[in-house]
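What follows draws every value from the coordinates through simple rules; no lab data is involved. Remember, it's a predicted structure, so these values are computed and weren't measured experimentally. We place every Cβ from the backbone using ideal geometry, glycine too, and count neighbours over all the protein chains shown.
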Amino acid sequence: MNKLSRRQIITTGLAAAAGISGLAVAAKLAGRYGLIPPDSGGIYGPGETLTYAAQRVLTRHTLAREFSQSQISKDPFAYPVDPLGEEFQRFQSAAFADWRLVVDGMIARPASFSVAELKSFPARTHITMIGCEEGWTYIAEWTGVPLSHILELVGTLPRARYVVYRSIQPEAWDSIDMAEAMHPQTLVSYGMNGGELPVPFGGPLRMRVPRQLGYKNVKYINRLTVTDKLKQFGKGLGSGELGAEDGYAWYAGI
Amino acid sequence: MHNAGAIDTLSQMAETISPRHALLVRVTHWLTVLSFLALLVSGVEILISHPRFYWGETGNVNTRPLFTIPIPSSRSIVPTGYGYVLPDQNGWSRYLHFQSAWIVVGTGLLYVAFGFFGGHFRRNLLPARSDLSPKRLGISIAQHLRFARPSSEEAWSYNVLQRLAYLVVIFLCFPLIIWTGLAMSPAFESLAPSAVLGGHQSARTIHFFVTAFLVVFLLIHVLMVVLAGFRNRMRAMISGRVTEPQERV
């Protein structure tokens, strides 16, 4: 065995110190630029943080692929949901005339919108793929209000970092960061393939986040909350029993 | 401090100077083993949630599959013919899959940089032109098919089939499996276009076949190690030492 020379010990020590302080600086910078996901703890934290940070650096402004009319799936699949309760059925029998999307949290002007009001806002339509974390996909044409339009309307405060969206199903809530919320393809969608958004696909209102997997695209949303931290929602992991609290990653861009 | 000690030191020095495998090769080899096994286990878990494959952009349970794997599924929506549904393991499987992918990519980049700049590829993996003649290749294939014991100099270098297999794994399989993996990421798809692979579902199907190929490679690789002398080959890849130094001459 070689004996360690004094020079080797000093070099190794300096390299280790540089490495540790480098990591500390990197962590601090990552925190400041919003590159750390809420589920960054635990044994999978490092990988999850790397994935989220790398995708935020590389794809912050990229667009999800859009397809042509002829590529729309003739056989889209609506994932079965937990039984929708009586409350939902009452809304449904009134053709969702009373359904409202409440917007609260760190905003200047708390508001609540009916589906008809949302339809009167400037709309965006895109033909995009929805992919399940299980591996299957379909392509559909989605119509809705860009979430960014709603956020501008209610006056998001500068400190805001996330938008939490909740469904009439209490277990199905989730959240996205501001980069995703302000992305031009992120929609509060009410239309699919030229018609109303069918109930099995999330009608009357579904959060449509085409750059993330299907499970972030929560159906039957009725409340948006703008916030600067996710700690006070559920277990503080950023999504509910169908997401992070069931062991799924909060960031689903991969 | 006399003769015996001096010889001992000399032989130790010889081993320190040129181990059978460079330290970096040994470390990256075992890191890749660990992450590949983690990727395989988590990948199979994810596959179980939808053991159907398609070609093109889209495919789901309403679509006719290209082929299906005849196993039970962890999702009740998948028609499998089995009367039961396996427990959902996708949460941790997806976390583990991507964490291991980071390790394998980092390790791979380090290894490839070392391979190019340290001369490892040129010296140890690039086959000699003369070995690539059909006749020499034929001889090597015949030797492998007869399970002939490798010659003693093979303890210190790779034969031509080995070199070709490693080059295919390093420069074809790994880039392709990383590319097809990224092509399934909805956020990354705009940067790693799955369109050139024939679509999102085609990327998933190719990802599966490359995995299958790598598993076959792994089985043959381990079989060859066993046939060539498990203890010696393992020692060479762990400590870098080869037991019969006189065979080196």
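General observations
- Dipole magnitude for the range B:163-249: computed about the Cα centre from +1 point charges on Lys and Arg Cβ and -1 point charges on Asp and Glu Cβ, it is near 340 debye.
- Using C-alpha pairs under 8 Å with a sequence gap of at least 6, the mean separation divided by the residue count of chain A gives a relative contact order of 20 percent.
- Summary of packing: across the peptides B:59-67, A:153-161, the per-residue average of other C-beta atoms within 10 Å ranks them, highest first, as B:59-67, A:153-161.
- Taking 0.36 nm per residue of separation and subtracting the Cα-Cα distance, full extension of the segment from B:HIS221 to B:VAL27 would add 68.1 nm.
- Sites A:GLU87 and B:LYS135 - FRET efficiency at Förster radius 60 Å, r taken between beta-carbons, to 0.05: 0.15
- Taking Lys and Arg as +1 and Asp and Glu as -1, the other residues whose beta-carbon sits under 13 Å from that of A:LEU63 total +1.
- Counting neighbouring Cβ atoms within 10 Å and putting the fewest first, the residues B:HIS50, A:HIS183, B:HIS29 line up as B:HIS29, A:HIS183, B:HIS50.
- Number of partner chain Cβ atoms within 10 Å, mean per residue of A:237-250: 2
- Semi-axis lengths, Å, the protein assembly as shown, gyration tensor of Cα atoms, sqrt of 5 times eigenvalues: 53, 28, 18
- Averaged over A:120-129, number of beta-carbon atoms from partner chains that fall within 10 Å: 1
- Taking the fewest neighbouring Cβ atoms within 10 Å as the starting point, the ordered list for A:ASP98, A:ASP174 is A:ASP98, A:ASP174.
- A:ALA160/A:LYS119 FRET efficiency (R0 30 Å; Cβ-Cβ; nearest 0.05): 0.70
- Spatially proximal aspartates and glutamates relative to B:LYS135 (Cα-Cα < 20 Å; intrachain offsets below 8 disregarded): B:GLU154
- Placing R0 at 41 angstrom, the Cβ-Cβ distance between B:PHE213 and A:GLN69 gives a FRET efficiency of 0.65 after rounding to 0.05.
- The helix-only estimate of mean residue ellipticity at 222 nm for chain A, built from DSSP H runs of length n ≥ 4 each weighted as -39500 (n - 2.57), is -8000 deg cm²/dmol after division by the residue total.
- For the range B:177-236, the fraction of alpha-carbon pairs in successive 5 Å shells from zero, as %: 4, 19, 19, 12, 9, 9, 9, 8, 8, 1
- Peptides A:60-66, A:24-30, ordered by how many other C-beta atoms sit within 10 Å of their residues on average, highest first, read A:60-66, A:24-30.
- Violating pairs (Cα-Cα greater than 27 angstrom) within the set A:LYS28/A:LYS219; A:LYS119/A:LYS216; A:LYS74/A:LYS216; A:LYS119/A:LYS229: A:LYS28/A:LYS219; A:LYS119/A:LYS229
- Net charge of the neighbourhood of B:HIS50, taken over other residues with C-beta under 14 Å away and scored Lys/Arg +1, Asp/Glu -1, is 0.
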